[in-house]
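The values are calculated or read from the model by the stated rules, or taken from the named source; none is laboratory data. Bear in mind that the values here come from a model prediction, so they are computed numbers and not experimental data. Note that each Cβ is placed from the backbone with ideal geometry, even for glycine, and that neighbours are counted across all protein chains shown. Accessible surface is based on the protein model in full, side chains and every heavy atom, while ligands, DNA and RNA are left aside. Shrake-Rupley method; radii C 1.70, N 1.55, O 1.52, S 1.80 Å.
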Amino acid sequence: MIRRLLLLTLVLLLLAACRPISAEPGSRAAGAPGLGDPNFAFLGNGGYDVEHYTLDLAVDVQENVITGTTTIRATATQPLSSFNLDLLGLTVDSISVDSMPAGFSRRAHELTISPQEQLSAGDMFTTLVSYSGTPQPLTDPDLAFIAQGWNNQDGTIFVVSEPGGAMTWYPSNNHPLDKASYTMRVTVDAPNVVAANGVLVETIADSDQVTYVWEMAQPMATYLATLAIGDFVRVEGPGPDGTLIRHYFPRDMAESLTAAFANTGEMVDFYSDLIGPYPFDEYGVVVMPFPLGFALETQTLSVFGTDMTMEGVNAHELAHQWFGNDVSPAAWNETWLNEGFASYLQKLWSEEELGSELLDDGMRQYYEAMRQMEIPAPGNVAEGDMFSMAVYERGAWVLHALRLEIGDDLFRQVLRTYYDRFKGSNATTADFIAVASEVSGRDLTDFLSGWIYSAEMPAIPE
Ligand code: TRP
Ligand code: ZN
């Protein structure tokens, strides 16, 4: 699906390339329809930087229809006679830029907006997109296990977008390079409950309708925005260091799930000590009343299926809040920076209980298995390997190998420094290698490149 969309948008890009972008007054300047991501050239858009999204949505849960407005506050980074947002499906009713009606056209997931007046570099501008319809999740043959974006299963709604699904339910600059804060105001029929990212700041009841207002104050990548609507109960747990733990569980499973997730606060403490303070105000999980075959680290509120409620998966999604969410990948061919880190940190949590020897034994078993299976290198993965053993287990081995090579203390310091330097922003593999070299006081480029880019895994450090 994405392939075909990309072909269509390729034509758009070629057309746009024929029109020179110039800063001269009065010239026409189109924002680029993509950011040139190695796996998804047309996710995201050029020419502006989003600061804040406000999603005002009324959701008819039974009909699976949404009606609403997304307000986007952004700054132009070049003169713009037009710019693009990413939105797939749905019906756009009207668009305004700085309160004036704006023209727009659509092709595949590219929504091209032409303000009445050209924007100048540095202008802060506000775009309102009013839209409605039934969101259709995005399926990609290379990532066949996921229906990305908005899902409605038997009247329970959940959103799991990684990597491209955000555009199935709101218009955005759909790439982790452009992170922004969010306000979500979602209106549903009672007794539905709405859980979303950040902090629930208000619940407004109006006859049989309820509006839930959620604030996500820290920057968030588009794929991490989520919404869950259904018959959930909110369960609050002990919050370490002022971090409130709040989970959302299906009403009839609340008791067993409260027990299953009871040590989440301890995990937050563990990772905070290891890496740096938990980056957001609150944390918790939302569990669907059915199996999903996966969990996703949606910011401050990870989504789980009933089949994923194990302690190891909880540790994994929580670790992503630091690596993936606060430090986000700069490109989709570097998902090992998310998955390798979360997988290894999940093992560090269990190392507390099981001991270092078992961790090392387990790693060596994976090493042998991956050698036999000829698992490809974790760095620079193609679309089909973005969430494969290459990034999870070979990705985790990059960190284990580094730890064996430089020792526990320096390894820990590399983790902390890399996190501290890139939190709230994006990082690349090169950034990680640079930090490892700097902190250890030796050039680790060749050592790490072997583990990250060589088809064959290097020998395990003595
Ligand atoms: N990042 C998820 C994890 O923790 C895996 C994943 C990738 C995913 N894309 C997804 C899960 C889409 C749900 C939906 O490993
Ligand atoms: Zn993960």
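Would you mind classifying the chain by shape? Square roots of the alpha carbon gyration tensor eigenvalues, ordered a ≥ b ≥ c; an a/c under 1.5 is rounded, otherwise it is prolate if a/b is larger than b/c and oblate if not.
Cα axes put the chain in the oblate bin.
To the nearest 500 deg cm²/dmol, what mean residue ellipticity at 222 nm is calculated for the chain from DSSP H runs of n ≥ 4 alone, each contributing -39,500 (n - 2.57), summed and divided by the residues?
Using -39500 (n - 2.57) per qualifying helix, the result is -9500 deg cm²/dmol.
Per residue, what accessible area does region 2-223 have, given a 1.4 Å probe and all protein chains present, in Å²?
Details: 8770 Å² over 222 residues.
Per residue, region 2-223 has 39 Å² of solvent-accessible surface.
Over region 212-278, what is the relative contact order in percent, taking alpha-carbon pairs closer than 8 angstrom and at least six residues apart?
Working: 49 pairs, mean separation 15.9, N = 67.
That works out to 24 percent.
For the chain, with only Lys/Arg (+1) and Asp/Glu (-1) charged at the beta-carbon, what is the dipole magnitude about the Cα centre, in debye rounded to 20?
With Lys and Arg at +1 and Asp and Glu at -1, about 1420 debye.
Return the whole-Å distance between the Cα centroid of region 268-307 and the Cα centroid of region 168-215.
Taking the Cα centre of region 168-215 as reference, the centre of region 268-307 is 18 Å away.
Sum up the charges of everything whose Cβ sits under 14 Å from the Cβ of L85, counting Lys and Arg as +1 and Asp and Glu as -1, but leave L85 out.
-1
In region 379-462, which trypsin sites (Lys or Arg not before Pro) fall in coil by DSSP and have 16 or fewer other Cβ atoms within 10 Å?
R442
Over region 286-387, calculate the relative contact order: mean separation of alpha carbon pairs under 8 Å at least 6 apart, over the residue count, as a percent.
22 percent
Can you tell me how region 136-292 classifies by the Cα gyration tensor, rounded, prolate or oblate, using a/c under 1.5 as the rounded cut?
Because its axes are fairly even, with a/c under 1.5, region 136-292 counts as rounded.
Give the accessible surface of region 231-321 per residue, rounded to a whole number of Å², with probe radius 1.4 Å and ligands, DNA and RNA excluded. Kindly include the intermediate steps, with their values, before the conclusion.
Numbers: 3080 Å² over 91 residues.
Using a 1.4 Å probe on heavy atoms only, each residue of region 231-321 averages 34 Å².
Within the accessible area of the chain, what % is carbon and sulfur when the probe is 1.4 Å and the other protein chains stay in place?
The C+S portion of the solvent-accessible surface of the chain is 51 percent.
What length, rounded to one decimal in nm, is gained on full extension from L244 through to D60, with 0.36 nm per residue of separation minus their alpha-carbon distance? Please list the in-between numbers first.
Numbers: separation 184, 0.36 × 184 = 66.24 nm, distance 3.01 nm.
Gain on stretching L244 to D60: 63.2 nm.
For region 231-321, what does the alpha-carbon gyration tensor say about shape, rounded, prolate or oblate, given a ≥ b ≥ c as the root eigenvalues, a/c under 1.5 as rounded, and a/b over b/c as prolate?
It is prolate, given that a/c is not under 1.5 and a/b is the larger ratio.
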